[in-house]
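The values are calculated or read from the model by the stated rules, or taken from the named source; none is laboratory data. Because the structure is a prediction, the values reported are computed rather than measured. For neighbour counting, all protein chains shown are included, and Cβ atoms are generated from backbone atoms with ideal geometry for every residue, glycine included. Surface areas here come from the heavy atoms of the whole protein model, side chains and all, with no ligands, DNA or RNA. Shrake-Rupley method; radii C 1.70, N 1.55, O 1.52, S 1.80 Å.
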Amino acid sequence: MRYRTLGQTGLRVSEIGFGTIPILKGDVPVLPDYYNLDDDEAIALLCQALECGINLFDTAVVPEYGDAEIKLGRFARQAGRERLIISDKARFFTGDEIYAAVCRSVENLGGIHPDVYFVHQADPEHDIFSPGGALDALVWCREEGKIGFTGVATHYYDLLERAVRDPRVDVVQGSGNLLERGMLDRMIQDTRFTRKGFLLNKVYAAGVLPGFFTENELLGNVLCYPISSALVGMGTAGQLAAALAGAARPAPKLTFEQVLSRLRTVYDPIPCDRCQRCVCPYGTEPHILLRQMNYFFLGKDYWALRKLDLDIARTAAQCRRCPDAACRKNCPRSLRIPEYIQEAERLVEQYIYHGWI
Ligand code: SF4
Ligand code: SF4
């Protein structure tokens, strides 16, 4: 296992980090590959990962990742707290809420203080940066020793960019993979990202990509970027072994066209790399809609459709009235975004309202 420095925290983290969603127990049907592991099974797998050199374990406050945080705490106490780095998070956006979440996480972890704590899924609707907001609360937690370092986790490039400019933030967490590489390509042009430390999630695209690419390819195509660690969800010894093998022998970078042509064996994917340059003045987020369409046809039908369904009728109507399709002008790939959004509406109508799924 190779290790990288987590920005200015100085922590040395394994190139692949253990994502704990698959070890949770519970009924969370939208999540990929979860196996209802009981405590002993989960801890055995976590121990195996640690023995193989993985020292970074990423989780979230209960119940975001079911009971994974509690299992991770038990494992850390059993294996030796000092041997591992715990990255934890909570999807709360006010100071009071995130402060309370940190306290709950410490309790769930059995008194262990996470090394890094993220505001999870930060989005443009919630201002986490304002005085007294979520970020300030994490700074207080850091000063009080409740956490080691502060973090912002988000799927939005603009928020990541804002976070790396903010001196209160120690680590950022974003998403990307060999298909959705647009943010990574933007990120490498800005050295502030490497100074902060960067954890990358969605490396397997919610389980969509392993059907088309080997772990060597999936990991090789993200470890070639200056990230600190690629987080991989693992729920079985087989998945752990495959990820370890992939990280040990990362494949050379595929071109975007090579990635698309592999996916074309089942479906002609929308050639969107999720760079997020297509800003819509009316609040639509084409990068999310286009991703969900790709995921739908690549096998995540139920989950992808439900996400597409959120307000798609209003969004598609707005696009039909849109005077200038500014989103399209900003797309470096000149994708026909408004037409794709109409297709998304038809897809939802056919599959959800006409009961095709
Ligand atoms: S539609 Fe174009 S601009 Fe928008 S995320 Fe995709 S590639 Fe980037
Ligand atoms: S067509 Fe207009 S309304 Fe639709 S996403 Fe593009 S800019 Fe936004």
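Heavy-atom accessible area for GLU143, with the other protein chains in place and a 1.4 Å probe, reaches approximately 140 Å².
Measuring nothing but protein heavy atoms, the accessible surface of the range 16-174 at 1.4 Å probe radius is 51 percent carbon and sulfur. At a probe radius of 1.4 angstrom, the accessible area of the chain per residue rounds to 41 square angstrom. Net length available on complete extension from ASP311 to GLU125 is 65.4 nm, with 0.36 nm assigned per residue and the Cα-Cα distance removed. Computed from Cα atoms alone, the Kirkwood hydrodynamic radius reported for the range 266-353 is 13.0 Å. Using a simple spin-label model with pseudo-atoms 7 Å out from Cα toward Cβ, ASP190 and ASP38 lie 4.8 nm apart.
Express as a percent, rounded to the nearest 5, the fraction of DSSP beta bridges in the chain (both residues included) that run antiparallel. Roughly 10 percent of the beta bridges in the chain run antiparallel, per DSSP. Restricting the calculation to alpha carbons of the range 3-254 gives Rg and Dmax of 16.7, 46 angstrom.
The string of couplings for the range 63-71 from the Karplus curve (6.51, -1.76, 1.60, θ = phi - 60°) is x, 3, 10, x, 9, 4, 5, 5, 4 Hz, one whole number per residue in order, with x for Gly and Pro.
Where a ≥ b ≥ c are the square roots of the eigenvalues of the C-alpha gyration tensor, would you call the range 219-295 rounded, which needs a/c under 1.5, or, failing that, prolate if a/b is larger than b/c, or oblate? Let's see the in-between values first.
Details: a/c = 1.96, a/b = 1.73, b/c = 1.14.
Here the range 219-295 falls in the prolate category.
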